[in-house]
Amino acid sequence: MSEIVFDRLQLGPQTGTPGSPGAAVAATSVFPIDAGLIDPDLDRGYASPDEDYGSLSRHQTNRASYGLRSAGVPFTAVLRFEDAMRLLEMRLAGGITPTGVGPYTWTYTMDDASDTCKVYTAEVGSETANDEYKLSTCLITDLELGYDALVAPGEHPWKATATLVAIDRTQAALTAALTAPSAMETIEGHLTTLYEGTTATAFASLAELAASLVGYKLKISGARPYRAYGSATDLPTAYGLAKPELTIEAMVKVGATSKTNIFDIFMGAGAPAGERRWRVKATGSGTKVLTLDHRVRFTSVRRSERDGESVYLVAADVVKDATLSSSLQAIVINSVAGPLT
């Protein structure tokens, strides 16, 4: 009898790149996810031929076949200073070695010209031996980071929602003796600040939009098409790279500065759309910091409300910035030495 007591996600970094990945490995770490079932779906590419016998062809025996396979699973997790790097290197860039010595600084840049993401082996399942699975050669396609609108009293952690894709799913026992990491600190929404300014202002010199950021979410999407070639197996061999799309949604207090720097810029006359530099910075205990630097182009600024207070509901595209040589830079400062294993 198989009982779902809880499901866990365990990760192990593979060698190679998405375009030339190494073999699956045993997991080396536990990645905390939201409680509940995490069900990796396996698509076998099933099909029946279109034959006319006066009835549906799939009702005929010995007709259907399987094609190329793929696997994937969505999951959500609280974002923490100590493990945010796992998600960033499966979506932004992999193989990052942090700089500094206690604290350590991990810098990730959105790579839309080449492919340096890290591939992982993922192990998922319950505590029942027959209900445990291995996902080989995993990447993240869609990733959302952020937190909901702040309401007091209340706790509003940063959360990650991710779509994990894999080459294959097999039944395999979870790697034993892996324990949940200790000293995990949640990244908090109420400790997150917005800094903003013109595109001529350095990110480090952006001015704080004080007491204004109510909620924030960054969405990264983009397909990772499988690369498959004729062979003796039904497995794809690697991933391609589709251009990613980055957008943000933010809720900002209505005020003199936010009106000038957000609402008025969006409402400005003429065809060219104005752009601003934004830095979203979440601080933790000691030296822990999560920083997201991006250049934004407002696509919508609407009135909304938060518990009866008027706020701006801001939507924007994230566009490439010459200083970053990218559309996004994510920096995590923590006490974790690297590289990740």
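The values are calculated or read from the model by the stated rules, or taken from the named source; none is laboratory data. Please read all numbers here as calculations on a predicted model, not as lab measurements. Cβ: placed from backbone, ideal geometry, glycine included. Neighbour counts: every protein chain shown. Heads up: the accessible areas ignore ligands, DNA and RNA and are worked out on the full protein's heavy atoms, side chains in. Shrake-Rupley method; radii C 1.70, N 1.55, O 1.52, S 1.80 Å.
Below is a table of values for the structure above.
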item: Test: residue in the range 134-151 that is within 26 Å of residue 190 (Cβ to Cβ) and hydroxyl-bearing (Ser, Thr, Tyr); result: yes
item: Residue match in the range 232-250 (condition: more than 25 Å from residue 19 (Cβ to Cβ), open to solvent by 60 Å² or more (accessible area, probe 1.4 Å) and at pLDDT 95 or above); result: yes
item: Any hit, the range 198-207, residues being open to solvent by less than 10 Å² (accessible area, probe 1.4 Å) and within 26 Å of residue 315 (Cα to Cα); result: no
item: Filter pass, residue 202 being among the hydrophobic types (A, V, I, L, M, F, W, C), free of Cβ contacts under 8 Å to residues at least 40 places away in the same chain and closer than 20 Å to residue 321 by Cα; result: no
item: Candidates 225, 157 - the one that is under 30 Å from residue 289 (Cβ atoms) and open to solvent by less than 60 Å² (accessible area, probe 1.4 Å); result: 157
item: Filter pass, residue 167 being farther than 30 Å from residue 147 by Cβ and β-branched (Val, Ile, Thr); result: yes
item: Criterion: within 22 Å of residue 288 (Cβ to Cβ) and among the β-branched types (Val, Ile, Thr) - qualifying residue of 116, 109, 121; result: 109
